[in-house]
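Student: Please read through the structure below; I'll follow up with questions.
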Amino acid sequence: MGKFFGNLEALQNLVNTNGLVGNWSEITNAHKFSTNDGGVLLWYPSTKTLQCQGRGPSKSTIQKLINSIDENGIVTESATVAHVTTSEVFVVYGHDETSRDQLELILGKLGIAPFILAKIGGQGLTLIEALDKQVGQNGAASAGIVLLTPDDMGYSLRQGESALKHRARQNVILEMGMLLSKLGRTHTIILVKGDLERPSDTDGIIYLSYQKHIKECLVALAKRLEAIGYKIDHKKALEAAS
């Protein structure tokens, strides 16, 4: 048993950082995270109490996570992750080149090199081929950022035209799935612009939202990158937000 005085999003980020895979749900007076192998983390917002339950190998990881939080509810140094050995991230985007350019500028100010296929002449590769080559253990990118922007419109035939919603492009959804498969949820950051339909199979994944400019979610983006292991200069982060 332990205490956590942050908000739910901060706890979800901490769970992701520790490599735990599962789903969040709400039960009476608590938020529940259930791992795929039977481990359970319970957080009671009213009392800030954390509890470890369940079974499986991830139960011990959950307990270690709880143990890494001190009596003031602050994560200790023992919970930090090792720095990644690359400064590159793979960027997936649709038709919104303005958002892409905003992200490229921000990452550059943070000292992180975005791999954007269109900006390097393609190298004779399709985006999927480049993703397969650049991402993962043998690739240059240890993390991926997906820009879900309202480029398309669509609706379910069952619901009819009244259910028309903005959607990200289908190829972006496919590439997002590939990133999640190769890197996992902890190393895949998904930025969502405006109000658009999100794939139902991605429920439980943390999205970072913005309306007009990526600077709106810069603080959360920097925290996610730092949690993955990228060295973030917080002074530069403040400059990028200005």
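FYI, it's all coordinate maths here, none of it is from the lab. Remember, it's a predicted structure, so these values are computed and weren't measured experimentally. In this analysis, Cβ positions are derived from the backbone assuming ideal geometry, glycine residues included, and neighbour counts consider all displayed protein chains.
Student: Rank by packing, highest mean first: peptides 106-114, 54-62, with packing defined as the count of other Cβ atoms within 10 Å averaged across residues.
Tutor: 106-114, 54-62
Student: To continue, here is another question. Which lysines does residue 165 reach when only Cα atoms under 19 Å apart count, and residues fewer than 8 places away in its own chain are ignored?
Tutor: Leaving aside lysines fewer than 8 places away in the same chain, those within reach of residue 165 are 193, 212.
Student: Okay, next question. Can you spot the lysines whose alpha carbon is less than 16 Å from residue 182's alpha carbon? Ignore those fewer than 8 places along the same chain.
Tutor: 133
Student: Separate question: Collect residues whose amide H, placed 1.01 Å from N in the peptide plane, falls under 5 Å from the amide H of residue 88; neighbours closer than 5 in sequence don't count.
Tutor: For residue 88, whose amide H was placed from the backbone, the distant partners under 5 Å are 113, 142.
Student: Continuing with this model, one more query. Lysines near residue 109 by alpha-carbon distance under 17 Å, same-chain residues fewer than 8 away left out - which ones?
Tutor: Cross-link targets: 215, 223, 231, 235, 236.
Student: Now for a different question. 7 Å from Cα along Cα→Cβ at both residue 216 and residue 31: what's the point-to-point distance in nm?
Tutor: 2.1
Student: Please state the Cα pair-distance histogram of segment 5-63 with 5 angstrom bins from zero: what percent is in each bin?
Tutor: Reading upward from the zero bin: 4, 20, 34, 27, 12, 2.
Student: Let me ask something else about it. Sequence-distant or interchain residues sharing an amide H contact under 5 Å with residue 21, placed H: which?
Tutor: Residues meeting the criterion, in which the H sits 1.01 Å from N, are 36.
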